[in-house]
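Reading through the structure tokens given below for one structure.
Read the figures in this text as sums done on the coordinates, not as results from a lab. Worth saying up front: this structure is predicted, and the values here are computed from it rather than measured. In this analysis, Cβ positions are derived from the backbone assuming ideal geometry, glycine residues included, and neighbour counts consider all displayed protein chains.
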Amino acid sequence: MKNIIHIELRKLVKSPAFWIILGLYTLSLVTVLSGTESFINHVVENARKNSPIPIPSFSLYAFPYVWHNMTYVAGFLKFLLACLVILFITNEYTYRTIRQNIINGMSRTSYFGSKVISLALLSLFTSFILVMNSLILGFAVTEEITLVLILDKVFFVGVYFLEVFAFLSFAFMAATLLQKAGLAIIVFTIYVLIAEPILAFRLPEEIAWYLPMKSIGRMIDIPNTALMKLFGVNFRETVEWIDMLMVVAYSSIFLFFSYLKIRKSDI
């Protein structure tokens, strides 16, 4: 296991494209998370001038609500991380790295396992960045801080990890099945941004509810804020176990088809 992780990390370290895309993603994540409250407060301030009713002020970064707020916002940025996975996996086929690994004695199962570990490490990395950013922001704006307050709702971070891992697993499947970076990114983008939303719109709600991207995105609902409650809108402040189980099932399906392709394909 250590040898597999070492080989995988060595590939990543030697890839300039990997570091460039990962750096852009990290910069984008930190910038968006740190600037979301300022942007919303600017919008609310403009709305307050023309509103016949008082609009309350609120903070997205105060403990314990920062965990729900930041994981929800960060979920919109995982697409760039998925493109990184697609590029990294398809490069294995383009440059025959996977063939060389097999020739050198690595089994196909070990190769597959190394990629799953990479997906987990990327999911862990973005979760770590989110946690550090949220802690800094939370400590900066929360007036009375207690350990109980900090840890309340921190479970959203674990759910975010699962959300990202499932999304990257889908990207991994697309890259493994298609093996061409451009084609995989196009197909992946079309399905996520166009095809499934159209399906969800046209299918009955009880069927659309089970679609994969809809299931992944549904785990972390829109956070309730003072502004939402002002207009009588209430969203879930917890995570349903059925949603998590569905996402775990979808992740397993994505990885299963990726494994079958790796096992059966001529590399």
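Of the residues ASN91, TYR191, SER258, the one whose Cα sits farthest toward the positive end of the charge dipole of the chain, with +1 on the Cβ of Lys and Arg and -1 on the Cβ of Asp and Glu, is ASN91.
About its Cα centre, the chain has a charge dipole of approximately 1220 debye under the convention of +1 per Lys or Arg Cβ and -1 per Asp or Glu Cβ, with nothing else charged.
When the convex hull of the C-alpha atoms of the chain is computed, what volume per residue in Å³ does it have?
Working: hull volume 41.9 nm³, N = 267.
Output value, Cα hull per residue: 157 Å³.
Over 25 Å apart at the Cα level, from the set LYS153/LYS214; LYS14/LYS214; LYS11/LYS180, are LYS14/LYS214.
Which shape class, rounded, prolate or oblate, goes with region 72-113 when its Cα gyration tensor gives a ≥ b ≥ c as root eigenvalues, a/c under 1.5 marks rounded, and past that a/b bigger than b/c marks prolate? Because a/c hits 1.5 or more and a/b fails to exceed b/c, region 72-113 counts as oblate.
Each Cα pair under 8 Å and six or more residues apart adds its sequence gap; the mean of these over the residue count of the chain is a relative contact order of 26 percent.
Given the peptides 194-207, 131-144, arrange them by the average over their residues of other C-beta atoms within 10 Å, most packed first.
Per-residue Cβ counts within 10 Å, averaged per peptide and sorted highest first, yield 131-144, 194-207.
Spin-label pair SER38-VAL141: with each label point 7 Å from Cα along the Cα-Cβ axis, the two points sit 1.2 nm from one another.
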